[in-house]
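Bear in mind these aren't lab numbers, they're just calculated from the coordinates by the rules spelled out. Predicted model only: the values in this text are computed from it and were never measured. Virtual Cβ from ideal backbone geometry, glycine too; neighbours counted across all protein chains shown.
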Amino acid sequence: MLDYNVRGGKLNRGLSVVDSYKLLKQGQDLTEKETFLSCALGWCIEWLQAYFLVLDDIMDNSVTRRGQPCWFRKPKVGMIAINDGILLRNHIHRILKKHFREMPYYVDLVDLFNEVEFQTACGQMIDLITTFDGEKDLSKYSLQIHRRIVEYKTAYYSFYLPVACALLMAGENLENHTDVKTVLVDMGIYFQVQDDYLDCFADPETLGKIGTDIEDFKCSWLVVKALERCSEEQTKILYENYGKAEPSNVAKVKALYKELDLEGAFMEYEKESYEKLTKLIEAHQSKAIQAVLKSFLAKIYKRQK
Ligand code: GPP
Ligand code: MG
Ligand code: MG
Ligand code: MG
C-alpha cells in the first residue's frame with residue numbers, strides 16, 4: 001500500500017523542504033542530521049499528499065493516478081482504501097514523534113500539520129458541496145468561488161507547508177512570516193489553475209491521470225473562464241452538457257473550450273501570474289527568502305504534469 005501510494009509522484013513538495021532549508025542556511029553545508037531531518041519532513045508531506053490523493057480519488061470517482069489505477073480501483077482494495085488513507089495520515093504524526101519530539105519546534109510542527117490538514121479538508125468540503133448532484137447550477141460559479149476553493153484545498157498544503165517546515169527547522173517563528181505565506185498562497189492558486197487546465201488539455205499519458213472535472217461538474221478555472229466568454233448560444237451548450245458522464249456530453253464541452261480559445265486564455269493567465277509573482281518575490285526584504293520562493297516558482301512554471 002505504501003509503495004503503491006506514496007511513491008511515483010514528482011516529489012515537488014517533499015524536495016522543497018530540503019531545498020528551502022538549504023537556501024535558508026545560505027550556502028552553509030548541512031550536517032548529516034540536518035539533511036536527515038529535512039528529508040524526514042519532506043516525506044511527511046509526501047505521506048500527507050498520498051493520504052489526500054487516495055481519498056480524493058474516491059470522492060472524485062477518478063480512474064488513474066500517477067500512471068496506474070487509483071488505489072480504490074484495485075479489485076482487492078475497494079473501500080478498504082478509506083482506512084488506508086487514515087493509516088497514511090496516522091504515520092505523519094508517528095514520524096514526527098519519532099524524529100522531532102526532542103526539538104524545540106516540535107509543538108509548532110505538530111500544530112502546523114494539523115492546521116494545514118484542517119484548511120485542506122475545508123477546501124475539499126467547498127469543492128465537494130459546490131458540485132453536489134442535487135443542485136447543479138453553473139450560475140453560481142465565479143472566479144471568487146474558484147479562488148476560495150483552490151486556496152484552501154491546494155495552496156496551504158502544497159506551497160505554504162513545505163516552506164513553513166523549513167522555516168521552523170531554521171528556528172524561525174512562523175508568525176513573523178505572514179508575507180511569505182501570502183506569496184505562497186498566490187503561487188498555490190496559480191498551481192491549481194494549471195491543474196485545472198491540464199485536467200482537460202494535457203495528454204493523460206504524460207499527466208499520469210485521466211481528467212474528470214467536466215464529468216464531476218467541478219468549479220474548474222476552465223468552466224469559470226468559459227462562462228465569462230460564452231455567447232448566449234454557447235452558454236446553453238455548456239449548461240446542457242457540463243457535469244454529465246457520457247463521453248458525447250464531455251466532447252461537446254471540450255469542443256466549446258477549444259472554440260473559446262481557453263488554451264490562449266490560460267497562456268495569458270500563466271504569463272501574468274508569473275510576472276506578478278516575480279514582482280511580489282523581488283519586493284521581499286530577505287535575499288534568502290527570495291531565493292526560496294524563486295526556486296519553488298521555477299519548479300512549477302510551465303509544467304506539463
Ligand atoms: C486537489 O484537487 C486537492 C486535493 C488532492 C486535496 C484533497 C483533500 C482531502 C482532504 C482529501 P483535485 O481533485 O483537482 O486533484 P487531482 O486533479 O490531482 O485529482
Ligand atoms: Mg481529484
Ligand atoms: Mg478533488
Ligand atoms: Mg484536478
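Which of the residue pairs Lys225/Lys299; Lys209/Lys236; Lys218/Lys254; Lys25/Lys279 have a Cα-Cα distance greater than 20 Å in the structure shown? Don't jump to the answer; show the numbers that get you there.
Values: Lys225/Lys299 25 Å; Lys209/Lys236 29 Å; Lys218/Lys254 14 Å; Lys25/Lys279 24 Å.
Result: Lys225/Lys299; Lys209/Lys236; Lys25/Lys279 exceed 20 Å.
Where Lys and Arg each count +1 and Asp and Glu each count -1, what net charge lies around Ala81 among other residues with Cβ under 10 Å from its Cβ?
On the way: positive: Arg73, Lys74; negative: Asp57, Asp84.
With Lys, Arg at +1 and Asp, Glu at -1, the neighbours total 0.
Relative to the longest principal axis of the chain, what angle (0 to 90°, nearest 10) does the C-alpha long axis of helix 106-130 take?
That helix lies at roughly 0 degrees to the long axis.
Let me check against my output: what whole-number percent is the relative contact order of the range 1-300, with C-alpha pairs under 8 Å and at least 6 apart?
Numbers: 326 pairs, mean separation 62.3, N = 300.
With pairs under 8 Å counted, the relative contact order is 21 percent.
In nm, to one decimal, how far is the modelled label at Phe201 from the one at Ser142, with both set 7 Å along Cα→Cβ?
Rounded to a tenth, the inter-label distance reads 2.5 nm.
Between helix 178-201 and the chain, what is the angle of the helix's C-alpha long axis to the longest principal axis, kept within 0 to 90° and rounded to the nearest 10?
Once rounded, one gets 40 degrees.
Excluding Trp47 itself, calculate the net charge of residues whose Cβ lies under 14 Å from the Cβ of Trp47, where each Lys or Arg counts +1 and each Asp or Glu counts -1.
Details: positive: Arg7, Arg13, Arg89, Arg94, Lys97, Lys98; negative: Asp3, Glu46, Asp84, Glu117.
Charge balance in the 14 Å sphere: +2.
How big is the charge dipole of the chain about its Cα centre, in debye rounded to the nearest 20, if each Lys and Arg gets +1 on its Cβ and each Asp and Glu gets -1 on its Cβ?
Working: 40 positive and 45 negative charges, 164 e Å.
It comes to approximately 780 debye.
May I ask which residue of Leu168, Gln144, Phe132 lies farthest towards the positive end of the charge dipole of the range 128-179, with charges of +1 (Lys, Arg) and -1 (Asp, Glu) on Cβ and the Cα centre as origin?
My answer, from the dipole projection, is Phe132.
Among Thr235, Thr130, Thr120, which comes first, then next, by fewest other beta-carbon atoms within 10 Å?
Values: Thr235 16, Thr130 19, Thr120 22.
Going from least to most buried by this count: Thr235, Thr130, Thr120.
Counting Lys +1, Arg +1, Asp -1, Glu -1, what net charge surrounds Asp19 among other residues with beta carbon under 15 Å of its beta carbon? Before the final figure, lay out each step's value.
Numbers: positive: Lys10, Arg13, Lys22, Lys25, Lys294, Lys299; negative: Asp29, Glu34, Glu46.
Cβ neighbours under 15 Å give a net charge of +3.
How would Arg101, Arg65, Arg148 line up from fewest to most surrounding beta-carbon atoms within 10 angstrom?
Arg101, Arg148, Arg65
Please compute, over every Cα-Cα pair in the chain, the percentage with a separation greater than 30 angstrom.
On the way: 16005 of 46360 pairs.
Everything past 30 Å amounts to 35 percent.
Once fully extended, how much extra length lies between Ala245 and Arg229, figured as 0.36 nm per residue of separation less the alpha-carbon to alpha-carbon distance? Please report the intermediate quantities before stating the final value.
Numbers: separation 16, 0.36 × 16 = 5.76 nm, distance 2.39 nm.
Value of the extension gain: 3.4 nm.
If the label point is 7 Å along Cα→Cβ of Met125, which residues in the range 75-113 have backbone nitrogen under 19 Å from it?
Taking a point 7 Å out along Cα→Cβ of Met125, the residues of the range 75-113 whose backbone N falls under 19 Å are 86, 112-113.
Counting only the backbone N, which residues of the range 160-202 are under 12 Å from the spot 7 Å out from the Cα of Tyr274 toward its beta-carbon?
The answer is none.
Where does the chain land at 222 nm, in deg cm²/dmol rounded to the nearest 500, when only DSSP H runs of n ≥ 4 count, each adding -39500 (n - 2.57), divided by all residues?
-22000 deg cm²/dmol
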